[in-house]
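The structure under discussion appears below in the form of structure tokens.
The values are calculated or read from the model by the stated rules, or taken from the named source; none is laboratory data. Worth saying up front: this structure is predicted, and the values here are computed from it rather than measured. All Cβ positions, even for glycine, are placed from backbone atoms using ideal geometry, and neighbour counts span all protein chains on display.
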């Protein structure tokens, strides 16, 4: 045997094994480095993704149940018997109701057509997103949405409206976060109820209606709780596109088709039976909608407030500022968007009598005049801020004469200006004359139970109310206020006290009686009041002094009296105050006489008794 060859072979084998070990080690080291690199890469990618995700969430607002609070609701006014008089009109009519006040058919209809897995998902429906994505790919466009009801509320009430990936990611995140937070407090069932309640109260449903209650009243003239199944299906169909599915404009085509889509969805997801579907499908609510819309259209003038309602609105807004410290803007927002329930003092029986009496033309003088106030502005459309103003006024026998006079006046300026490329705007006001104002007050409480602010049709809201806005000289009605009250209460005089009806000069003022230069001599206070004697009234006032009588007038609640001279040097701190030289409002004069009827106890006029929010 050649031992050298054997040794060489053994050495080669040992060397080969050694080389294999080195190779294996190298492979292992490379594998380790590769794994580390891959792992590091994964961490880097994860970090980048996390950073990107955090970037998308950057600036996302906080959410809670308060985020779903409806901050705008329509306020309403109720009469003394608790009957609703009107809603305070705004661009949006919103009326919120509770989950229990919403019919099951309506809630089920909305869930079936808007988010059929609403009760299963936790704010974001991955299954719905995938389904919508596939449907949109097949359709080559947007055929189906994947947003849940929770996402829609987040989008409308929390986020800005732009369509970006960042906003969409924030929408998903906040929807999940909101439901999770609510689960911890309310549990799943209550959470879903609160979200659905907010959704049904918040959304725009066409024709200035926000929420299912306002929509139900507008389209069917009933409360949401009284809706039938086909009516519920129609309203549920409005959530997606209220203008396209408008039941007044588009009922015969798109609105009816949408209603059937909702009923089919309710049947598909088990909310109604086949029998209910068949019955609801056969009901044609077009006649109901058309009939109610006709009556609604004919009564749209009811949206013009009465003079009493005008007064209540203005008083509430003023009291919010003066008594509760609201800013002007906060008071406006509370009144028009705060969902206030204002219970006013109007007695509907008394108010109806006032309206009937003053609507009867036979109660006025034989000849009615019409006052025209016409204003015209001619301007260049290229610069509307610069224009020429013209106006005219006059009294005419008929309304048509007023309009003819306005047209003739307009023609003097408009025909030539049109040739110069100018435009114009006009304002024409025609007022029946004579006018009237009236206030009826319960003197025990100060409650204003009836009011009339003017004669003729009322065409605008918060317009001139002659009962509270216009000041007029009260004439002889002020004799009690600014002469006899102080004489009795401060001077110790009575109805049998006498003064001499004889010529008198008081400073540069010499009062005379209404019947002329004849004087009666000594007259009792009772006789002077009965005959409305000016001279005797002035003498009683002079005994107590102008200052004292002025203070009594102020105690009666008059707020328009001028103690100090105004910019024209005019003051009411004069002797002629007792003959009604000052200007006061009808309401304040009525309140003053109510104090006399109430044993001298003045009650500030009340237009409302309570406000609920």
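Does residue 217 qualify as being surrounded by 23 or more Cβ atoms within 10 Å (Cβ to Cβ) and either in a helix (DSSP H, G or I) or within 19 Å of the chain's Cα centre (by Cα) (or both)?
In short, no.
From the list 62, 144, exactly one residue is under 23 Å from residue 185 (Cα atoms) and either at pLDDT below 85 or outside any loop (DSSP other than H, G, I, E, B) (or both). Which is it?
On the way: 144 fails: under 23 Å from residue 185 (Cα atoms).
Only one candidate qualifies: 62.
Based on this model, can you work out whether residue 358 counts as within 20 Å of residue 457 (Cβ to Cβ), surrounded by 15 or more Cβ atoms within 10 Å (Cβ to Cβ) and in contact with a helix residue (DSSP H, G or I) (Cβ under 7 Å, 6 or more places away or on another chain)?
Considered against the rule, which asks whether it is within 20 Å of residue 457 (Cβ to Cβ), surrounded by 15 or more Cβ atoms within 10 Å (Cβ to Cβ) and in contact with a helix residue (DSSP H, G or I) (Cβ under 7 Å, 6 or more places away or on another chain), residue 358 comes out as no.
Run down 522, 540, 558 and say which single residue is in contact with a strand residue (DSSP E or B) (Cβ under 7 Å, 6 or more places away or on another chain), at pLDDT 95 or above and part of a loop (DSSP other than H, G, I, E, B). Outline the logic, then answer.
Values: 522 fails: part of a loop (DSSP other than H, G, I, E, B); 540 fails: part of a loop (DSSP other than H, G, I, E, B).
Going through 522, 540, 558 in turn, just one is in contact with a strand residue (DSSP E or B) (Cβ under 7 Å, 6 or more places away or on another chain), at pLDDT 95 or above and part of a loop (DSSP other than H, G, I, E, B): 558.
Looking at 280, 265, can you tell me which residue is buried (at least 18 other Cβ atoms within 10 Å of the Cβ) and either outside the structural domain of residue 199 (by the TED database) or in contact (Cβ under 8 Å) with a residue 60 or more places away in the chain (or both)?
Testing whether each residue is buried (at least 18 other Cβ atoms within 10 Å of the Cβ) and either outside the structural domain of residue 199 (by the TED database) or in contact (Cβ under 8 Å) with a residue 60 or more places away in the chain (or both) leaves just 265.
Among the candidates 233, 214, 175, single out the residue that is in contact with a helix residue (DSSP H, G or I) (Cβ under 7 Å, 6 or more places away or on another chain) and touching a residue at least 60 places away in the same chain (Cβ under 8 Å). Step through it out loud before you land on a result.
On the way: 214 fails: in contact with a helix residue (DSSP H, G or I) (Cβ under 7 Å, 6 or more places away or on another chain); 175 fails: touching a residue at least 60 places away in the same chain (Cβ under 8 Å).
Result: 233 is the single residue among 233, 214, 175 that is in contact with a helix residue (DSSP H, G or I) (Cβ under 7 Å, 6 or more places away or on another chain) and touching a residue at least 60 places away in the same chain (Cβ under 8 Å).
Kindly evaluate residue 365 against the criterion of being touching a residue at least 40 places away in the same chain (Cβ under 8 Å) and over 22 Å from residue 459 (Cα atoms).
Taking the combined requirement at face value, the residue satisfies it.
Among the residues that make up the range 504-511, is at least one of them closer than 30 Å to residue 368 by Cβ, in contact (Cβ under 8 Å) with a residue 40 or more places away in the chain and buried (at least 16 other Cβ atoms within 10 Å of the Cβ)?
Taking every residue of the range 504-511 in turn, none turns out to be closer than 30 Å to residue 368 by Cβ, in contact (Cβ under 8 Å) with a residue 40 or more places away in the chain and buried (at least 16 other Cβ atoms within 10 Å of the Cβ).
Against the condition surrounded by fewer than 18 Cβ atoms within 10 Å (Cβ to Cβ) and either closer than 19 Å to residue 92 by Cβ or not assigned by the TED database to the domain that holds residue 100 (or both), how does residue 248 come out, does it pass?
So residue 248 passes the test.
Here's the yes/no breakdown for (1) closer than 30 Å to residue 608 by Cα; (2) crowded, with 16+ Cβ neighbours inside 10 Å; (3) out of contact with any strand residue (DSSP E or B) (no Cβ under 6 Å at 6 or more places or on another chain); (4) not assigned by the TED database to the domain that holds residue 177:
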position	(1), (2), (3), (4)
77	yes, yes, no, yes
80	yes, yes, yes, yes
97	yes, yes, yes, no
103	no, yes, yes, no
111	no, yes, yes, no
123	no, yes, yes, no
